[in-house]
1. Whole number in Å², please: accessible area per residue of chain B, 1.4 Å probe, ligands, DNA and RNA not counted.
2. Per-residue Cβ counts within 10 Å, from other chains only, averaged over B:62-68: what number is that?
3. Convex hull over the alpha-carbon atoms of the range B:101-166: what's its volume per residue in Å³?
4. Taking Cα pairs under 8 Å and at least six residues apart, what relative contact order does the range B:49-168 come out at, in percent?
5. Do me a favour and compute the ellipsoid semi-axes for the range B:58-113 from its Cα gyration tensor, root of five times each eigenvalue, largest one first, whole Å.
6. How high is the relative contact order of the range A:59-153, given as a whole-number percent (alpha carbon pairs under 8 Å, six or more residues apart)?
7. Pop a pseudo-label 7 angstrom from the Cα along the beta-carbon direction at both A:Leu2 and A:Lys104 and give the gap in nm to one decimal.
8. Over the heavy atoms of A:Phe101, what accessible area does a 1.4 Å probe trace out, to the nearest 10 Å²?
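The values are calculated or read from the model by the stated rules, or taken from the named source; none is laboratory data. The structure displayed is predicted, hence computed values, not measured ones. A quick note on method: Cβ atoms are made from the backbone with ideal geometry, for glycine too, and the neighbour counts reach across all protein chains shown. Surface accessibility is based on the protein's heavy atoms, side chains included, excluding ligands, DNA and RNA. Shrake-Rupley method; radii C 1.70, N 1.55, O 1.52, S 1.80 Å.
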Amino acid sequence: MLDRIEFLFGEALVALRRNGWMSFAAITTVAMAVFLLAGLVQVYAGIARLADSAGKRLTVRVFIRDSVPDAEASALGAQIKAIPGVTFVRFVPRRQGLQEFREKNPEIDVTGLYEANPLPNCFHVSIADQKDFDSVVSSLQSMKEVEPNGVKFPSDVQEFLKEVQATVPILGLVLGVTMLATSGILIYNAIRMTVVARRREIGIMLLVGARRTMVWAPMVLEGLLQGSLGGVLAGVTLLTGHHFVRQVVQDRMGSMATIPTMSVGATLVGLGLVGAVYGTVCSVIAVREPWRQGVAA
Amino acid sequence: MGDQLDRAGTPYVQFQGVEVTYNGIVSALRGATLDVRRGEFVFLCGPTGSGKSTFLKALSLQVRPSNGCILLDGVDLGAVEPNEVSEIRRRMGVVPQDFGLLPKKRVWENLGYAMRACGRTRREVRQLVPEILERVHVLHKADAFPGELSGGEQQRVAIGRAIINNPPLLLADEPTGNLDPDHSAEVMNLLLELNLRGTTVLVATHDMPIVEHVARRVVLFEQGRIVADSHSPRATVQGADEGAQAETAEAQLEGADA
Ligand SMILES: Nc1ncnc2c1ncn2[C@@H]1O[C@H](COP(=O)(O)OP(=O)(O)O)[C@@H](O)[C@H]1O
Ligand SMILES: [Mg+2]
């Protein structure tokens, strides 16, 4: 029995080594597919986390209804300051708002607007702790002086991240499906090549009296090994990429971005297993093919 | 010794009106009927495309007859279950026309694989493979890959692999097909030696000088039918003098060298 197992494993390892380019193609294809899928999940989770944390740390703008007189509006500052979680409040009267707008957009002529200023009175409200964010926003929104939907997140970074967050699922889906299809085609071709290359070999093996299991077991083992090697390769690439991105993000955005570290062991074992299942399924299809075609009658 | 086995009763190999069609169109065998007794040495002769290879393939279960019946040692091969095919094949050594060596395995591994596939242990492989390679004179190439060998060497490896499990039946398709006369004679001697030890040997060939020289039973194929059967030893020796034959071979060899 042990002799048998040793024989099957030996066959698989020798075939893996001797098949050179075929092995290389299969391993890299599996690695690519696994890397894309796992990487996509990582990137999406990362961006979602980033957008979430960054957004909740930024200043919120609160627009006051036009029906509220200016004096009354400025007095609301104390009330807002009293909301738990609010650390800083700045009142921006409509006139100052227009001034700021003019400074930011000098090419737009706004002189006529000083007469009938269309901007509402506004508060810039800072929230220190993320966990207070949602409750502060809803408290602000529930104030009767605040315009309906009058609580805005004005930050450029926030806006950008929101955009990214909106496009990533679509982009990710399109990219993921495309890559999945591509890697599917690659694997299909690799397997087909294996089948064609092996058809004669299988015929010969059966001709010298080998049982079917004897012939297909090493091949399935070979596929399993290729798949798990590909998965581990994807894991190494992913960990390296993750480490790099994490460093860059942290250099650029400092404490604002919190990307957690990945567990090296769990990543390698997990992706290796994913690859192994993938490789096994593919090689089972590959070794079944010749029999269905009746080559080995 | 051969005569004793001849008298043993029922034929070892029986073809009864065997028809084989490829792709439903090409008729390769059109009713082949033949009895071969245990221990016989039979040449299957005939022009290219006459059905010799198909005859051997039908016997080794590589193609299935559309009509007729093949019996091996009294067992109807048409009734063999797919999972019994390997059992049947372990009782025959097949030397395919294209050698059928595994290109990615070394010479000794080609033999070793055949043994391991048939359930032999690693120890047996280690012991027997060098012996067999020695017998077919390719021991010095044991570590080479088939692609690194000459046609004659590949042929000998294929024969070595066919006899590794000591089969009672040996099927060889054009074993001298692309060999020079010297090597042809060597391969033929190997097959005759096996036959002397009791192996039933069927050889498909159109190498008539060899057939005449060896002088065994000759079955003639033509367009998928068996049209002649010498049946008795030496019936087809048409003045083939052994000395003359050897001289011709030497002359051809010298010609090739020049
Ligand atoms: N795999 C195949 N597919 C279709 N036709 C074949 C195949 N093998 C052999 N044939 C045809 O069957 C006939 C007999 O071939 P074969 O048995 O190889 O003859 P021989 O070995 O005497 O040269 C020929 O006409 C050949 O073209
Ligand atoms: Mg032929």
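1. 46 Å²
2. Mean partner shielding for this stretch: 1.
3. With only Cα atoms used, the range B:101-166 gives 69 Å³ per residue.
4. Here the relative contact order equals 30 percent.
5. After scaling each eigenvalue by five and taking roots: 26, 12, 9 Å.
6. Across the range A:59-153, relative contact order equals 48 percent.
7. 7.7 nm
8. In the full protein context, A:Phe101 sits at about 90 Å².
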